[in-house]
Structure formats: structure tokens, C-alpha cells
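Scroll down for the structure; my scribbles are underneath it.
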Amino acid sequence: MTFEELGLSQKVLQAVQASGYTTPTPIQAQAIPPALQGRDILGIAQTGTGKTAAFTLPMLSRLESGRARARVPRTLILEPTRELAAQVEESFAKYGKNHRLNVALLIGGVSFGDQETKIMRGADVLIATPGRLLDFFDRGKLLLTGIEILVIDEADRMLDMGFIPDIERVCKLVPFTRQTLFFSATMPPEITRLTEAFLHNPIRCEVSRAATTAVTIRQILVASRGHADKRETLRNLIRSAENFKNAIIFCNRKRDVAILHRSLVKHGFSAGALHGDMDQLARMASLDAFKNGDVSLIVCSDVAARGLDIPDVSHVFNFDVPTHSEDYVHRIGRTGRAGRSGVALTIVTEDDMKYVDQIQSLIGKAIDWEGPGFDALPPPMETSRPQERRGERPDRGQRRDRGRRPSGEREPPIRRPAASEREAPIRRPAAAEREAPVSIGRPRGGRPRPEEESFRSPACAAPTERRERRPRHHEDDGPPVVGLGDHVPSFLLRPVALKPAKVGEE
Ligand code: AMP
């Protein structure tokens, strides 16, 4: 099938040709013709399948007739994160370069003023995250009565982030007669219920079984003794990675993103970071540095990295095994995109095994192990003292690591000049650092603090917290030491001469 056969307008076809695309991807071939006819679409597609163009191209064709009015946008695209929203805006700039359409972006972390100006000018396309959109709506700055096409992208991630009530509200605020294009990588029951309530006789386009992983991705599990050893394991994996170009490294919690990022930079790696505590400018700068190749590694949380289109990522490292198996599918989908090959390495501790089992049953296959198994691992490299686990003294870890590195070992392949390290995109590590001294797994206020806590269900937080609080004795550590053990310092054995108490003294 060719793009010409899909029924797209000439202007759109010219832009597609200029992008260098010759053949529609399966989701595009399935979704574009019915979308052009105004039908509702239920698209079940993984990231990297070309789904952004699957809704952008027919929207552009349909928007060629008609004009936007002030404060009344014509189409609305809901995205779970600011980065995804910005990415979709880029797609409109690319595919809509032959159109004169006003595209407005409503995302948090950016001043209201500029956004309001664009809305006032009349937006043909409004791309928004749910929170900021409803904020605008509630302030009376926006009407949703003119929406002709509603796109809900990454719906399962919206679910994870707690946005479903917002989505339901938006669906009730837009006209009943609008067209809805709905995309999700997986179809949990809550999402199915949503589609039954708000889609009208949709055309179902499914490009692969929900939660399958691309065959172009080589998946590998690597055993690590415990949390404290994982940073060392990761460094070794990065150094020994074959055909390494760049990598995304995932942590389960944003606090760990900041810690790992600092550790990597201290060890001479060229790394950036992306997590929910960073302001919008820092997030964008970080992402741009990675996309431009100024840094070769980017440490991310799931929420911050969801759906990012970063072409040509050679490796994905799961520093933590995701506790939601769907997250595994999304994470490793960052590599092996558009038919390219990629490698996804997951660092596993014994405590993580139940999550590995869940992932393997979700993707329907066993993942290969590489390197020594848990039994054959060398003794712990780093102490598991709490302050070090929290990264308060990474310089000690660095010194120890340098001492142990065999002289013949090659240098990190991605060593960068100091300038790029100075520009390390985390501009606000202070927030993460402030959190560090809180006792593990139970920060101030007594509540668990998983990644993007406020968006996550308690079911997600619980296992992480349980794992963190478990005693860190390995079987080969021997029995727990009580008090000072066999060793009693000599000053405690010295006889103490007591002075007789004076009268009146207690
Ligand atoms: P998406 O799933 O929308 O994030 O797209 C994944 C990547 O595939 C993006 O980098 C697109 O530029 C690219 N892409 C989209 N459609 C096509 C196509 N028909 N042929 C080749 N690449 C495409």
C-alpha cells in the first residue's frame, strides 16, 4: 500500500514525501482511511509504530476546510506528558508545513500568558495535558464546544497517571458529534470501559497483540547482588555494550534518577536526566541534549520518558525492574524502533524475581540471562550502608571503583569533555538531595514516595516500599551481629573510678 492510496490531501502527501516516508506503517494503513471518513478509531499500537502520523495526517487533511475562532479550538489532542505534547506539536510542524494552521500547546510548567495569546488567536489544533487544559477551561479562557476531532493518546499511561477522571470530564465537555481517535498500547479493563462509554462504533485497529515486544529488540537480564551493586553493574554493562551509540536508563523512582545521574557523571559518563521534579525548561534542555548527541545517556523515570520519540536509540537499560509489567514493554520500546535493532538490558536482584516472572508472562516468552547467576556473583562490591544507598557519598564509591578497575580495561566509550558535563541537564538536584536523608522507603510525612507518587495507585507503591524496607542480609552474610559482636573496645573494659557524690548532688 502507498500513501497515495489512503485518501490524504495533496498538501499532506507532499509533506509526507518530504519526510522521506514511502510506505505507511500498519497502524497508518489501517487507521487513516476510516479516520478521513470521520469514523471513530480505537488504535491499539505500541510506541514506535508510527501512530502519531496515523492521527496527525488525517486531521490535517480534514482541517483544510474551515477556520478557528478565538477561544474555540477546532481539534483537541490530549497527551499524558508535556514532552509528548511537545513532540506532537513537532509532528504538526513537520506534516503541516504546507498548511496555515494555528497550533497551540497547553502544558504545565510554561507561563499562561503566551498560551492564552495563542488560544485567543484561534487554534486549529490544541495539544494539551489534561491538568493545564482543565485549568484554562475552569478560568473561562477556553471553550470546548467547537471541537470537531478529539484525540486521546497513550490512554493506558493516562490511566497510570490518574488522569482518567479528567479525560471523562473532557469527553463530556466536547460536543457529542465530534470524532474521537483513541490510542493505547494496552487495553486494561478501565480503558475498555472508557472506550465503551465515549467512542461511537469505532473501527478497531490493532497492529500487534497488546503488550508484545518488537522482534528487533534483543532482551537480556543481568543478575546483580543488591541495590548497592547495581550502579557498578550498570557501569560495566555500559562499558562493555556492543555497537553502543546511546542509551536510555530507566529508574523506578525520580529520586533514584537524580542519584544515578550524578553518579554516572562523577564516573565520567556523559549523562543527562529527565524526571518529574525538573522544571519544564530543564526537561526540554535535557531531552534536546540527548537528541542532539551532546550526551549519550539519559536517566529517566517512566512518566517523564513515556512515548518520547527519540529515533535510533541503541540501548535501553532498566536500572530497576519495573513493578508494572506494561512499563517494561514501553521502556524497551524506546529502542528497536521503526525496524532498527536495539538491545534492552535489565538489571535484576533476587528481590525483583517476582516482577521478572510477571513481565515474562505478559510478553509471553522467557528473557535470556547473561553473565553470572545470583549464586556465582562476586561478593558485594559496595557497602549497603543506608547513606551510600541513598547516594550521599558517591565520591567514596568513585574512589573505590577507580582502585578496582583492571589496568587494561578500556575507558568508558562515551567519555565527554568537561563542558558537556558542566551542562549536565539536572539543574535542580537540590530537591532530590533534600529527599535523600529521609529513611529509606518512608520519607517525611510517613507516606511512601514512589515515582510520581500522586499519579500512581497504591498498588504500585506497595511492593517497592516493601522491598526497600526488607533487611539487607544475604544468606552468606552469616548470622546477624548483636551489639558489638565479639569485639569489645578496650576503653569499655577499663575499670571506672567513681568519685563519691557530694551532699546535695543527685
Ligand atoms: P511514533 O510511533 O508516532 O512515535 O513514530 C515512531 C517513528 O516512526 C517516528 O520517528 C516517525 O517519524 C517514524 N515514522 C512514522 N511513520 C513512518 C513511515 N510511514 N515510515 C517510516 N517512518 C515513519
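The values are calculated or read from the model by the stated rules, or taken from the named source; none is laboratory data. Treat the numbers as computed from the prediction; the structure is a model and nothing was measured. Here Cβ is always computed from backbone atoms with ideal geometry, including for glycine, and neighbour counts include all displayed protein chains.
Annotations for the structure displayed:
- Filter pass, Arg67 being more than 8 Å from the ligand (Cβ to nearest atom) and surrounded by fewer than 21 Cβ atoms within 10 Å (Cβ to Cβ): yes
- Near pairs, Cβ below 7 angstrom, 6+ apart or cross-chain, from the range 137-161 (without any contact (Cβ under 8 Å) to a residue 40 or more places away in the chain and more than 16 Å from Pro73 (Cβ to Cβ)) to any residue that is in a loop (DSSP other than H, G, I, E, B) and not aliphatic (A, V, I, L, M): Leu159/Pro188
- Test for Asn98: is it of a type in the set (S, T, N, Q), under 27 Å from Ala285 (Cα atoms) and more than 14 Å from the ligand (Cβ to nearest atom): no
- Meets criteria (in contact with a Phe, Trp or Tyr (Cβ under 8 Å, 6 or more places away or on another chain) and modelled with pLDDT under 95) for Asp256: yes
- Lone qualifier among Arg255, Arg235 - being in contact with a Leu (Cβ under 9 Å, 6 or more places away or on another chain) and among the basic types (Lys, Arg): Arg235
- In the range 258-267, the condition of being free of Cβ contacts under 8 Å to residues at least 40 places away in the same chain and crowded, with 21+ Cβ neighbours inside 10 Å is met by at least one residue.
- Any chance Thr47 is near the ligand (Cβ under 8 Å from one of its atoms), crowded, with 18+ Cβ neighbours inside 10 Å and in the same structural domain as Val125 (by TED's automatic domain parsing): yes
- Verdict on Leu84 being hydrophobic (A, V, I, L, M, F, W, C) and either away from the ligand (no atom under 16 Å from the Cβ) or more than 28 Å from the chain's Cα centre (by Cα) (or both): no
- Here Thr75, Thr56 are screened, and the one residue that is at pLDDT 90 or above and away from the ligand (no atom under 13 Å from the Cβ) is Thr75.
- Qualifying residue in the range 173-180 (condition: at pLDDT 90 or above, in contact with a Phe, Trp or Tyr (Cβ under 8 Å, 6 or more places away or on another chain) and either closer than 30 Å to Phe319 by Cα or not assigned by TED's automatic domain parsing to the domain that holds Glu370 (or both)): yes
- Pairs with Cβ under 6 Å, 6+ apart, first in the range 342-370 and more than 20 Å from Thr216 (Cβ to Cβ), second in a helix (DSSP H, G or I): Ile347/Lys230; Ile347/Thr233; Val348/Val356; Asp351/Arg467; Gln358/Ser325
- In summary, helices (runs of 4 or more DSSP H) completely within the range 234-334 and bearing 2 or more residues that are farther than 24 Å from Ala86 by Cα and not β-branched (Val, Ile, Thr) occur at 254-266.
- Conditions (1) touching a Leu at 6+ places or on another chain (Cβ under 7 Å); (2) at positive phi; number of the one not met by Val151: (2)
- Selection from the range 16-39 of residues that are polar (S, T, N, Q) and within 12 Å of the ligand (Cβ to nearest atom): Gln17, Ser19, Thr22, Thr23, Thr25, Gln28
- If you go through the range 155-172 and keep only what is surrounded by fewer than 17 Cβ atoms within 10 Å (Cβ to Cβ) and not small (Gly, Ala, Ser), you end up with Pro165, Glu168, Arg169, Lys172.
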